[in-house]
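First up is the structure itself, then whatever we jot down about it.
The values are calculated or read from the model by the stated rules, or taken from the named source; none is laboratory data. Note that the coordinates shown come from a computational prediction; the quantities given were computed from them, not determined experimentally. Here the Cβ is made from the backbone with ideal geometry for all residues, glycine too, and neighbour counts use every protein chain on show.
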Amino acid sequence: MVSKRLKLLVVSLDAYSLLNKQTRFIFGGAEIRVVQLVQGLAQNHAIDVTLFTLDHGLGIEQFGAITTMPHPRRKSEGYWAKQRHLGRRILNRVFQTDAVQDTTEVFNTVQPDLALILGMSPEALELAQYCKQVGIPFIFGLASDNDLGGDVISDDFLLKWTGLKHEELTEVLASASLVLAQTPVQANVLEQRHQKKAMLLLNPISLAVKAGTSLVMDEYDAIWIGKTSDVKRPELFLEVAKRLPMRRFLMVLNRTETIRFEHIQRDKPNHVHIIEHVPPELMEATLRFCKTLVNTSSAEGFANTFLQAAKLGIPVVSVASDPNAMLSVHGCGLYVANDAPDVIAGKLDDLLRNEIMLANIGEAGKKYVAAHHDATKIVEQLYLAMLDLTRKKA
């Protein structure tokens, strides 16, 4: 008897450019993670994946084993222009007005057996409510520690970060048939704050070495990768660089806030080079020209750049994030735990002066990634969990 192929509905508005390499729409770590997962599910398991992204006017498309469909109420035209004046996910809420019926009808065309979304957003609430309405399992993946809400996060910050109120965030988590945590810390906070258990699903990365031509040909002492956003704090990296004029720094700075981007361009010293965009398939080639990766984010889930760097033996220097204790316990870099530019610069310079430490940390990173983040094993873990959900439903 031939088993029925499961139909998985996935919503990831900004994932399109990871599939269509001819486009340059902005994406982040959650999009890299979701595409890695669904490509593995579609290619290696009996899963039909339909991925809803922003409507770029291109209709339904096929990318290998993944079907992409435009979200019925999320248009890309003027999207980033409007974002300069509205918080990103608040803008999504504007687009969501009067969308429930249209979205339900379009989702129903997929006839999904279950649904998946990563990251707290109005789309997550919409998908949770849809799954409840049609009676299918809803899988929610945490994409940041901020997705867990709590008293430490103000209503205004939560609304700007997620587009949701606290009670709506709680509804998403309570509705989930399965919550995927990126780190043990997230799993513990979820249980303590929301009385719900999570499945630990570490971020996946392919262990295969990716070919490609780097966008830079000079060597840099440190690279920073991120968006012009409050959470990523690119200005802090700039302050660190200013304290080390003898070093060379590279910023891959996605222009999500044009005024802020232009200010950073004007303010940067000459020994800092800025690239606005690196295609995902060329990121590893570009990283090979860098001695360290510096992360200045005030909060992260599990930054995929940490894994990309560690896979290549590049030490990570992080200000506020140490996911799965990969820096402090597994030895993949330095966890500074201090926002002072002088302190960060001192730690980074000490590391760059110590060739033996650089090499030892690099080797530890390679071993850690191979042992804990092999995409093939992680996709298999998710697939088995999905099978279990659908069997329980049956």
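Would you be able to say whether some residue in segment 39-60 is on the phi > 0 side of the Ramachandran plot and surrounded by fewer than 16 Cβ atoms within 10 Å (Cβ to Cβ)?
If we filter segment 39-60 for residues that are on the phi > 0 side of the Ramachandran plot, which is where we start, we get 57, 59.
Add one more test, that the residue is surrounded by fewer than 16 Cβ atoms within 10 Å (Cβ to Cβ), and what stays is 57, 59.
Checked against the condition, which is being on the phi > 0 side of the Ramachandran plot and surrounded by fewer than 16 Cβ atoms within 10 Å (Cβ to Cβ), segment 39-60 yields at least one hit.
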| request: Could you list all residues from segment 61-70 that are crowded, with 16+ Cβ neighbours inside 10 Å and more than 16 Å from VAL110 (Cα to Cα)? | output: PHE63
| Out of curiosity, is VAL294 out of contact with any Leu (no Cβ under 6 Å at 6 or more places or on another chain), farther than 19 Å from ASP145 by Cα and surrounded by 22 or more Cβ atoms within 10 Å (Cβ to Cβ)? | yes
| query | Which of (1) part of a helix (DSSP H, G or I); (2) buried (at least 23 other Cβ atoms within 10 Å of the Cβ); (3) touching an Asp or Glu at 6+ places or on another chain (Cβ under 8 Å) does MET120 not meet, given it meets every other one? | reply | (1)
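With the requirement that a residue be part of a loop (DSSP other than H, G, I, E, B) and at pLDDT 85 or above, what does segment 14-28 give you?
If we filter segment 14-28 for residues that are part of a loop (DSSP other than H, G, I, E, B), which is where we start, we get 14-15, 20-28.
Passing the criteria: ASP14, ALA15, ASN20.
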| query | Identify, please: which residue in segment 1-38 is among the hydroxyl-bearing types (Ser, Thr, Tyr) and surrounded by fewer than 22 Cβ atoms within 10 Å (Cβ to Cβ) and is, among those, nearest to LEU125 (Cα to Cα)? | reply | SER17
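Quick check: anything in segment 328-345 among the charged types (D, E, K, R), surrounded by fewer than 22 Cβ atoms within 10 Å (Cβ to Cβ) and modelled with pLDDT of 95 or more? So that I can check it myself, show each step before the final result.
To start, the set of residues in segment 328-345 that are among the charged types (D, E, K, R) comprises 339, 342.
Checking the rest, the ones that are also surrounded by fewer than 22 Cβ atoms within 10 Å (Cβ to Cβ) come to 339, 342.
Imposing the further condition that a residue be modelled with pLDDT of 95 or more reduces the set to 342.
Looking for residues that are among the charged types (D, E, K, R), surrounded by fewer than 22 Cβ atoms within 10 Å (Cβ to Cβ) and modelled with pLDDT of 95 or more, one finds at least one in segment 328-345, hence yes.
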| query | Within segment 29-65, restricting attention to residues that are closer than 29 Å to SER297 by Cβ and either in a strand (DSSP E or B) or outside the structural domain of GLU123 (by TED's automatic domain parsing) (or both), which residue is modelled with the lowest pLDDT? | reply | LEU54
| Is at least one residue of segment 209-217 in contact with a helix residue (DSSP H, G or I) (Cβ under 9 Å, 6 or more places away or on another chain), in contact (Cβ under 8 Å) with a residue 12 or more places away in the chain and buried (at least 21 other Cβ atoms within 10 Å of the Cβ)? | no
